[in-house]
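**Student:** Quick one: this structure, given as structure tokens, is what I'll be asking you about.
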Amino acid sequence: MKNFSIAIHGGAGTILKSEMTAEKEKAYSDALNSALEAGYSVLKNGGSSLDAVEQSIIVLENSPLFNAGRGSVFTEKGTHEMDASIMEGKNKMAGAVAMVTGVKNPVSLARLVMEKSEHVFMAGEGAMEFAKLMNCKFESPEYFFDELRHKQWLSVKGTDAFQLDHSVEKDKKFGTVGAVAIDTNGNIAAATSTGGMTNKKF
């Protein structure tokens, strides 16, 4: 049997041990394991590394625990604005989106940009129009609301400050959830998705 592998991460913010209950730790662990299993299952069954990283990121985007998709942080105006990218080594292709709202799975939209358009990167209204053209699933603002994220935003709302998810430091800039995989054919792919920083400007 040929080798394959996948690695994921659930974000760049630091959750202090003092703020991590046993119940919360289990919830994060379970969600990360589900994302890992989603991608691993694709690879185990001979699927592509591209499919594997997309499926892993979708699981993380569908969870309110991570700053991507459903769990995205609030912008300065109290909305959710998401970015995502995906790339693969076999054909040296990439796709990315930025400033999208309401799209349930931005990583899938990034893949559509890569595979179904002549572009590498789409942002804002153009990306939203393309998402509608591709029949991407949209969700209402309520779907993206999370009480913890809302409290994080309220703590810096009305100021020029912004903060990384879970972090007490307000001047750092990092990405968020990601996945990288190599399939049985030796092809490598990677993907990432983020809601950005709490209280970010437009």
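The values are calculated or read from the model by the stated rules, or taken from the named source; none is laboratory data. Bear in mind the structure is a predicted one, so any value in this text is a computation, not a measurement. Note: ideal-geometry Cβ built from the backbone for every residue, glycine included; neighbour counts use all protein chains shown.
**Student:** State yes or no: is S108 polar (S, T, N, Q) and more than 22 Å from S5 (Cβ to Cβ)?
**Tutor:** yes
**Student:** Further question: Within the range 103-122, can you find the residues that are surrounded by fewer than 20 Cβ atoms within 10 Å (Cβ to Cβ) and either within 18 Å of G195 (Cα to Cα) or small (G, A, S) (or both)?
**Tutor:** Correct list: K104, S117, F121.
**Student:** Sticking with this one: Looking at (1) touching a strand residue (DSSP E or B) at 6+ places or on another chain (Cβ under 7 Å); (2) surrounded by fewer than 23 Cβ atoms within 10 Å (Cβ to Cβ); (3) of a type outside the set (K, R), which one does N91 not meet, given that it meets all the others?
**Tutor:** Exception for N91: condition (1).
**Student:** Just to be sure I understand, how many residues within the range 74-101 are over 19 Å from K201 (Cβ atoms), of a type in the set (G, A, S) and in contact (Cβ under 8 Å) with a residue 40 or more places away in the chain?
**Tutor:** Residues that pass the stated criteria total 3.
**Student:** Taking S56 and the conditions (1) surrounded by 15 or more Cβ atoms within 10 Å (Cβ to Cβ); (2) out of contact with any strand residue (DSSP E or B) (no Cβ under 8 Å at 6 or more places or on another chain), which numbered condition does it fall short on, given that it satisfies the others?
**Tutor:** (2)
**Student:** So, one more: Is the range 16-28 home to any residue that is within 15 Å of A190 (Cβ to Cβ) and in contact (Cβ under 8 Å) with a residue 12 or more places away in the chain?
**Tutor:** Looking for residues that are within 15 Å of A190 (Cβ to Cβ) and in contact (Cβ under 8 Å) with a residue 12 or more places away in the chain, one finds none in the range 16-28, hence no.
**Student:** Could you please let me know if K26 is in a helix (DSSP H, G or I) and farther than 17 Å from A179 by Cα?
**Tutor:** Yes, satisfied.
**Student:** While we're here: If we keep just the residues of the range 141-178 that are among the aromatic types (F, W, Y), modelled with pLDDT under 80 and not in a helix (DSSP H, G or I), which is nearest to A7 (Cα to Cα)?
**Tutor:** Ranking the candidates gives F174 first.
**Student:** So which of G71, G47 ends up being among the small types (G, A, S) and surrounded by fewer than 23 Cβ atoms within 10 Å (Cβ to Cβ)?
**Tutor:** Among G71, G47, only G47 is among the small types (G, A, S) and surrounded by fewer than 23 Cβ atoms within 10 Å (Cβ to Cβ).
**Student:** Across the range 123-148, which residue is surrounded by the most Cβ atoms within 10 Å (Cβ to Cβ) among those that are over 21 Å from F74 (Cα atoms) and hydrophobic (A, V, I, L, M, F, W, C)?
**Tutor:** Taking the candidates together, the pick is A131.
**Student:** If you don't mind, another one. Taking the options E129, E139, E88, E76, name whichever one is farther than 22 Å from S34 by Cβ and in contact with a Lys or Arg (Cβ under 9 Å, 6 or more places away or on another chain).
**Tutor:** Answer to the selection: E76.
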